[in-house]
Amino acid sequence: MAFTRSGLAHAKLWGRVPRMRRPPSCKSAGRAHIVAPSGTFSEERLESGLEILREAQISPVVADRVFDKARYLAGPDSARVAGVRWALRQPDLEVVWAARGGYGGARLLTELNPDEVAEAGAWLVGFSDVTALHALWARADLCSIHGANITTLDMWTAEARSELFGLLDGT
């Protein structure tokens, strides 16, 4: 994690300079657990992104209830928290990947514990509202990737997707 001079001084003032851990590399045939912490999305958008993962030799595993709806959210807060927790508890977890951003991710933070994230030791990938979850990963001193959500992977160029997958597999 890079700090500006004033940021580093602030961290030293409070007695803690974070030491972020890089999760293990997601190798070919790795698993990505797909969660819906924020807004709703279509099955077609999800399937398009899942196909891109498969082409990159990453096996997607989709959480239950990702197509739930509570107005503009992908289900009630309790279901979205349960989806993230489910992913964090998987023994073969390498990546927690957000299906979509939007709104609602910050509402999950009071129910999720940085210790759960640290113990899982996996990557988080997503952007937009998923930034709230990136803050949780940072509190767990774990690196994460502010990158494409599953439903936006097909909007990225092949080169950009290659760089994203390279971050995950360490190349």
Taking 20 °C and 1.002 mPa s as the conditions, I'd like the Stokes-Einstein D for segment 46-90 in µm²/s, using the Kirkwood hydrodynamic radius from alpha carbon pairs.
183
Restricting to DSSP H runs of at least four residues, report the calculated mean residue ellipticity at 222 nm for the chain, -39500 (n - 2.57) per run over all residues, nearest 500 deg cm²/dmol.
-11000 deg cm²/dmol
Matching label, Cα Rg over 2.2 N^0.38 Å computed from the structure shown, candidates [x] 1.34; [y] 1.09; [z] 1.02
[z]
With the Cα gyration tensor of segment 72-150 giving a ≥ b ≥ c as the square roots of its eigenvalues, does the rule (a/c under 1.5 for rounded; else a/b larger than b/c for prolate; else oblate) give rounded, prolate or oblate?
rounded
Take the alpha-carbon centre of segment 120-171, take the same for segment 27-90, and report the distance between them in whole Å.
13
With a ≥ b ≥ c from the Cα gyration tensor eigenvalues, square-rooted, and the rule rounded for a/c under 1.5, otherwise prolate when a/b > b/c and oblate otherwise, segment 80-123 is oblate
Of the GluC sites (Glu not before Pro) in segment 40-74, those whose Cβ has at most 10 other Cβ within 10 Å and which sit in DSSP loop:
none
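Laboratory data are not the source of any read-out in this text; all were calculated from the coordinates shown. Just so it is clear, the structure is predicted and the values come from calculations on it, not from any experiment. Cβ coordinates were reconstructed from backbone atoms using ideal geometry, including for glycine residues, and neighbour counts include every protein chain displayed.
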